[in-house]
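J.: Attaching a single structure in structure tokens format; questions to follow.
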Amino acid sequence: MYDEIVEKMLGLMDDKSAAAVYPKFSGEGYKAHRIGVENFHEINSSSNDDKIAFVDGGNAEIISAANLSLSLVRVGYSIYRSNKKISAKRFEIFAFTQALSQNNEIYYKTSFFSTGNSIELEEISFSSFDNTLMHGVNRAEIGGVANAIRRFAELKLAKIVAEKKIAGMIVLDGNLQATITNENNYLSGLYESCMKNNIILTALSKTTSLFADDGSLLSVVLGNMGAFPIWFYHPVAEINNQSHKAEMFFVKFHEKSKHIFRFEIFKNQKIKAEEAISELACSCIDPIFIGYPYGLVEADRIARISNNEKESLKTMFLVKLRNKNIEKYLSSVNAHEILDKISF
């Protein structure tokens with residue numbers, strides 16, 4: 001049976017990339033360029049030895065209820081020069097979000113509690129029907145607010161790096177598109193600091209769901225067409241969207257890599273894109289994840305919150321909250337946990 005399912009799946013997944021003509025964008029403000037082999041460019045070696053700051057973040061929900069959530073948010077950076085680690089630092093903060101009534105509607109308001117090495121964020125409030133947090137037509141889940149906070153913290157940390165001139169280039173994990181309410185405010189501040197201090201701002205996405213017009217993944221289409229051992233693809237689209245001030249590329253950083261990544265640079269700095277891409281390619285030779293900048297691997301490690309750490313924090317907080325009349329809230333969401341622990 002399973003072999004038959006696999007065969008049918010493979011039949012349905014016939015390679016359609018030969019029919020792809022244009023990248024397909026879902027939002028407004030994108031003028032896609034026709035897909036063509038002439039848009040592939042070979043990546044040349046770089047002689048630049050400036051410092052690069054790689055920024056990433058992570059978060060974990062410690063206490064969960066339908067009307068409240070306590071999460072640990074952690075962000076960090078790793079600094080590299082000529083493929084050698086110079087320094088690294090991480091920051092973290094506890095975010096407590098609770099549901100409150102405001103103007104006859106439910107809002108999720110977040111307060112922050114500092115740790116020994118915190119990043120400062122102002123109080124944040126989202127409507128529970130904020131469509132940038134919702135999945136489907138129901139209210140956003142309160143625990144999802146921490147994902148937005150993590151993104152804001154990453155952008156705040158990148159701004160600190162720019163203001164202190166810690167590195168000549170910043171590489172964010174992800175992209176430069178604002179998709180969450182108030183995210184544009186953080187990006188605008190970051191753009192301003194980078195321009196003021198002559199810092200190149202870029203972003204690299206580990207995954208991309210951008211399609212071609214035939215339904216194929218654009219990264220797969222380009223991977224099949226690639227004309228050089230290592231290359232960047234440009235132009236992809238002319239972007240005229242106030243929530244996405246970027247120039248977009250696709251890149252293959254190592255000839256042995258099977259991965260094609262989406263790369264972006266702040267639109268006002270696009271003249272420096274080829275230089276930035278060449279510099280990043282030089283940091284993509286580690287066999288741990290060949291073709292991916294090792295600085296981002298390290299930044300991910302710094303910011304990651306392990307399951308063991310999460311469970312340890314959860315146990316500590318639950319012990320301290322015992323007999324504090326909070327169990328009635330926790331029981332609103334822990335039925336699934338009980339079922340998961342039942343052995344049949």
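The values are calculated or read from the model by the stated rules, or taken from the named source; none is laboratory data. Note that the coordinates shown come from a computational prediction; the quantities given were computed from them, not determined experimentally. FYI the Cβ positions are ideal-geometry reconstructions off the backbone, even for glycines, and counts take in every protein chain you see.
J.: So which residues in the stretch 65-88 are basic (Lys, Arg) and either loosely packed, with under 15 Cβ neighbours inside 10 Å or over 22 Å from the mean Cα position of the chain (by Cα) (or both), if there are any at all?
T.: Within the stretch 65-88, Arg81, Lys84, Lys85 qualify.
J.: Filter the strands (runs of 3 or more DSSP E) completely within the stretch 1-103 down to those with at least 3 residues that are in contact with a Lys or Arg (Cβ under 8 Å, 6 or more places away or on another chain) and within 30 Å of Ile166 (Cβ to Cβ).
T.: Per the criteria, 52-64, 68-81, 84-102.
Per-residue answers, yes or no, for (1) surrounded by 14 or more Cβ atoms within 10 Å (Cβ to Cβ); (2) modelled with pLDDT of 85 or more; (3) aliphatic (A, V, I, L, M); (4) closer than 25 Å to Arg74 by Cα:
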| residue | (1), (2), (3), (4) |
| --- | --- |
| Asp300 | yes, yes, no, yes |
| Ala303 | yes, yes, yes, yes |
| Asn308 | no, yes, no, yes |
| Lys314 | yes, yes, no, yes |
| Asn323 | no, no, no, no |
| Ile326 | yes, no, yes, no |
| Ser331 | no, no, no, no |
| Ala335 | no, no, yes, no |
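J.: How many residues, within the stretch 259-282, are farther than 18 Å from Gly174 by Cβ and in contact with a helix residue (DSSP H, G or I) (Cβ under 8 Å, 6 or more places away or on another chain)?
T.: Within the stretch 259-282, the first condition is being farther than 18 Å from Gly174 by Cβ, and the residues that meet it are 268, 270-272, 274-275, 278-279, 281-282.
Next, only the ones that are in contact with a helix residue (DSSP H, G or I) (Cβ under 8 Å, 6 or more places away or on another chain) stay: 268.
Residues that pass the stated criteria total 1.
J.: In the stretch 267-293, which residues are under 16 Å from the mean Cα position of the chain (by Cα) and of a type in the set (Phe, Trp, Tyr)?
T.: Tyr292
J.: Identify all residues within the stretch 125-150 that are farther than 16 Å from Asn67 by Cα and surrounded by fewer than 19 Cβ atoms within 10 Å (Cβ to Cβ); write none if there are none.
T.: Within the stretch 125-150, Asn131, Thr132, His135, Gly136, Val137, Asn147 qualify.
J.: So if I check each of Gly116, Gly144, which one is in a helix (DSSP H, G or I) and either of a type in the set (Gly, Ala, Ser) or touching a Phe, Trp or Tyr at 6+ places or on another chain (Cβ under 9 Å) (or both)?
T.: Among Gly116, Gly144, only Gly144 is in a helix (DSSP H, G or I) and either of a type in the set (Gly, Ala, Ser) or touching a Phe, Trp or Tyr at 6+ places or on another chain (Cβ under 9 Å) (or both).
J.: Next up: Please enumerate the residues belonging to the stretch 89-110 that are of a type in the set (Lys, Arg) and under 22 Å from the mean Cα position of the chain (by Cα).
T.: If the condition is that a residue be of a type in the set (Lys, Arg) and under 22 Å from the mean Cα position of the chain (by Cα), then Lys89, Arg90 are the ones that fit.
J.: At least 2 residues that are of a type in the set (S, T, N, Q) in each: list the strands (runs of 3 or more DSSP E) lying fully within the stretch 167-278 that qualify.
T.: Strands (runs of 3 or more DSSP E) meeting the threshold: 200-205.
J.: A further question follows. Check the stretch 84-101 and report whether any residue there is in contact (Cβ under 8 Å) with a residue 40 or more places away in the chain and of a type in the set (Val, Ile, Thr).
T.: Yes, there is a match, as at least one residue in the stretch 84-101 is in contact (Cβ under 8 Å) with a residue 40 or more places away in the chain and of a type in the set (Val, Ile, Thr).
J.: I'm trying to understand the selection: among the residues of the stretch 57-73, which are over 15 Å from Thr110 (Cβ atoms) and in contact with a Phe, Trp or Tyr (Cβ under 7 Å, 6 or more places away or on another chain)?
T.: Listed by number, the list is empty, since nothing qualifies.
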